[in-house]
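Contents: one structure, followed by commentary.
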Amino acid sequence: VAVADGAQAAARSAILEALGLPALILGASYLGFGSLVRENGLPIWVGVASTAFAWALPGQVVMVELLGTGASVAAVLLAVLLTNARLLPMAVTLVPHLRRPASSSWHYYLAANFIAVTSWANAMRAVPLLPRDHRLTWFFTFAGTLWAVTLAGTVAGYLLSAVLPRPVALALVFLNPIYFMMVLAGDLRRRGKLAAVVLGAVLGPLLHRWNPDWGLLATGVLAGSLAFLVDRPAHG
Amino acid sequence: MGEAASPWVALAATAAATYVWRAAGARLGGRLSTASPVFRWMECVSYALLAGLVARMLLLPAGPLAAVALPVRLAATVAAAAAFLASGRRVLVGAGVGVATLALLSLVQ
């Protein structure tokens with residue numbers, strides 16, 4: 001009984017935390033994503049399936065934008081692969097916190113599918129404070145709540161962009177780039193990250209002009225590698 | 001290069017390209033230091049790629065934002081950044097001000 005109560009309490013606190021600021025910010029971002037899907041001439045189900053099965057907004061926006069400019073599957077695949085590489089270290093650091101002795105490993109592989117910036121950052125803060133038995137419950141409830149909010153946001157954004165006055169519909173499309181701009185600007189204390197953002201912002205439009213298919217990928221590899229060289233700690 | 005992707009094939013590829021990192025992370029969990037140079041390189045690449053996408057979307061929009069004049073897009077971007085910084089880095093404030101600026105300016109454009 002005590003365990004069940006604890007699980008319920010963990011689930012309740014997860015829902016309450018998710019429905020605060022995280023749901024507001026992600027809901028608005030996915031409103032923008034839904035409108036972006038529509039404005040790129042894609043069917044609503046592509047947007048919904050993308051949010052359902054490839055839940056990480058940067059990769060989703062990369063896919064929709066590249067499809068909008070008529071890129072090939074190979075270009076989309078590689079660009080999304082590079083965009084989402086940051087999910088690996090997130091999973092590496094979070095999954096050990098979620099472990100409990102009685103769980104079989106598929107629980108962790110399922111949980112890993114819900115690791116994205118917001119769920120990861122909140123879980124890294126909240127989960128270590130919970131007893132091991134309730135950590136998976138907390139995480140599935142927190143991420144699942146946000147997942148539902150983002151699915152609703154995707155659908156709402158798609159439908160709204162058809163009925164809203166044109167300037168407002170355009171402003172919704174504008175949400176994703178400025179949201180990412182703020183996310184990137186919020187974390188520039190390290191020299192390498194700052195260099196990556198500045199070089200990427202300069203090379204992105206230039207290399208897109210050079211080749212709309214592969215320009216984005218080339219931007220990531222080129223600007224990212226240069227930034228990495230700047231970032232390397234000096235010896236001695 | 002190659003023919004334009006079908007949305008559904010691209011979607012399947014994207015889902016795989018998203019999950020593969022998470023699954024690998026779950027498998028390696030705890031047995032890998034996230035401070036290693038490979039991770040720092042990957043982090044730099046994803047930051048650069050995202051920054052490149054943002055700049056491209058704002059400066060050379062492919063979709064309907066192309067109908068909004070460049071000075072309007074730039075003004076809305078600057079307004080969003082200023083509101084974000086002035087509010088102590090509140091994303092909602094920045095997003096609200098940016099979106100409102102773009103809508104208002106494109107009305108009078």
Can you work out ³J(HN,Hα) from phi for every residue in segment A:7-19, in order, using Karplus 6.51 cos²θ - 1.76 cosθ + 1.60 and θ = phi - 60°, giving whole Hz and x for Gly and Pro?
5, 4, 5, 4, 5, 5, 5, 5, 5, 4, 5, 5, 7
Give me P(r) over segment A:94-197, computed from all C-alpha to C-alpha distances, binned every 10 Å, as integer percentages.
12, 30, 27, 23, 6, 1
Report, to the nearest 10°, how far helix B:7-28 tilts away from the longest principal axis of the Cα atoms in chain B, using its own Cα long axis and a range of 0 to 90°.
50
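Where Lys and Arg each count +1 and Asp and Glu each count -1, what net charge lies around A:Val168 among other residues with Cβ under 14 Å from its Cβ? Numbers along the way, then the final one.
Values: positive: A:Arg38, A:Arg166; negative: A:Glu39.
Counting the neighbours of A:Val168, the net charge comes to +1.
For segment A:1-143, what does the accessible surface come to per residue with a 1.4 Å probe? Please give it in Å².
Details: 5250 Å² over 143 residues.
With all protein chains present, segment A:1-143 gives 37 Å² per residue.
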Rounded to whole Hz and in sequence order, give me ³J(HN,Hα) for segment A:102-118 from the Karplus expression 6.51 cos²θ - 1.76 cosθ + 1.60, θ = phi - 60°, writing x for Gly and Pro.
7, 8, 7, 5, 5, 4, 6, 5, 6, 4, 4, 5, 9, 8, 9, 3, 5
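When only C-alpha pairs under 8 Å and at least 6 residues apart count, what is the relative contact order of chain A, in percent?
Values: 253 pairs, mean separation 74.1, N = 236.
With pairs under 8 Å counted, the relative contact order is 31 percent.
With N set to the residue count of segment A:159-210, report its C-alpha Rg divided by 2.2 N^0.38 Å to two decimal places.
Values: Rg = 15.2 Å, N = 52, 2.2 N^0.38 = 9.9 Å.
Normalised Cα radius of gyration, segment A:159-210: 1.54.
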Could you check the spin-label model distance between B:Val38 and B:Ala86? Points 7 Å from the Cα along Cα→Cβ, value in nm.
4.7
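Write down the accessible area per residue of chain B in Å², having rolled a 1.4 Å probe over the full set of protein chains. Don't skip to the answer; put the middle values down first.
Values: 4970 Å² over 109 residues.
Averaged over the residues of chain B, the accessible area is 46 Å².
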Counting C-alpha atoms alone, how compact is segment A:32-90: give Rg to one decimal and Dmax as a whole number, in angstrom.
11.2, 34
What number results when the radius of gyration of segment A:1-70, computed over Cα atoms, is divided by 2.2 N^0.38 Å?
1.51
The Kirkwood hydrodynamic radius of segment B:1-75, taken as the inverse of the mean 1/r over all distinct Cα pairs, in Å, comes to 15.9
Take the alpha carbon atoms of chain A, find their radius of gyration, then divide it by 2.2 N^0.38 Å using N residues; give the quotient.
1.10
Just want to confirm a number: the relative contact order over segment A:34-108, from Cα pairs under 8 angstrom separated by 6+ residues, in percent.
22
Between A:Val117 and A:Asn211, what length comes free when the chain is fully extended (0.36 nm per residue of separation minus the Cα-Cα distance, one decimal in nm)?
30.9 nm
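For n ≥ 4 DSSP H runs only, could you compute -39500 (n - 2.57) per run for the protein assembly as shown, divide by its residues and tell me the 222 nm figure to the nearest 500? Show your work: numbers first, answer last.
Working: 16 runs with 267 residues, N = 345.
-26000 deg cm²/dmol, from helical runs alone.
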Of A:Leu21, A:Leu199, A:Leu31, which is the most mobile in a GNM of chain A whose springs link Cα atoms less than 10 angstrom apart?
A:Leu21
Got a sec to turn the phi values of segment A:173-181 into Karplus ³J(HN,Hα) couplings, 6.51 cos²θ - 1.76 cosθ + 1.60 with θ = phi - 60°, whole Hz, x for Gly and Pro?
4, 5, 4, 5, x, 6, 4, 5, 4
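For segment A:49-157, report the convex hull volume of the alpha-carbon atoms normalised per residue, in Å³, without decimals.
Value for segment A:49-157: 100 Å³ per residue.
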What is the helix-to-structure angle for B:91-108, meaning the angle in degrees between its Cα long axis and the longest Cα principal axis of chain B, kept from 0 to 90 and rounded to the nearest 10?
40
On Cα atoms only, tilt of B:37-59 relative to the major axis of chain B in degrees:
30
Over the C-alpha atoms of segment A:138-233, what are the Rg and the largest Cα-to-Cα span, Dmax, in Å?
17.8, 53
Length-normalised contact order of chain B, Cα under 8 Å, at least 6 apart, in percent, tallies to 17
How big is the A/B interface in buried accessible area, both sides summed, 1.4 Å probe, to the nearest 100 Å²?
7200
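The values are calculated or read from the model by the stated rules, or taken from the named source; none is laboratory data. Please read these numbers as outputs of a predicted model, since none were measured by experiment. Glycine also receives a Cβ, built like all others from the backbone with ideal geometry; neighbour counts cover every protein chain displayed. Protein only, heavy atoms only, side chains kept; ligands, DNA and RNA dropped before computing areas. Shrake-Rupley method; radii C 1.70, N 1.55, O 1.52, S 1.80 Å.
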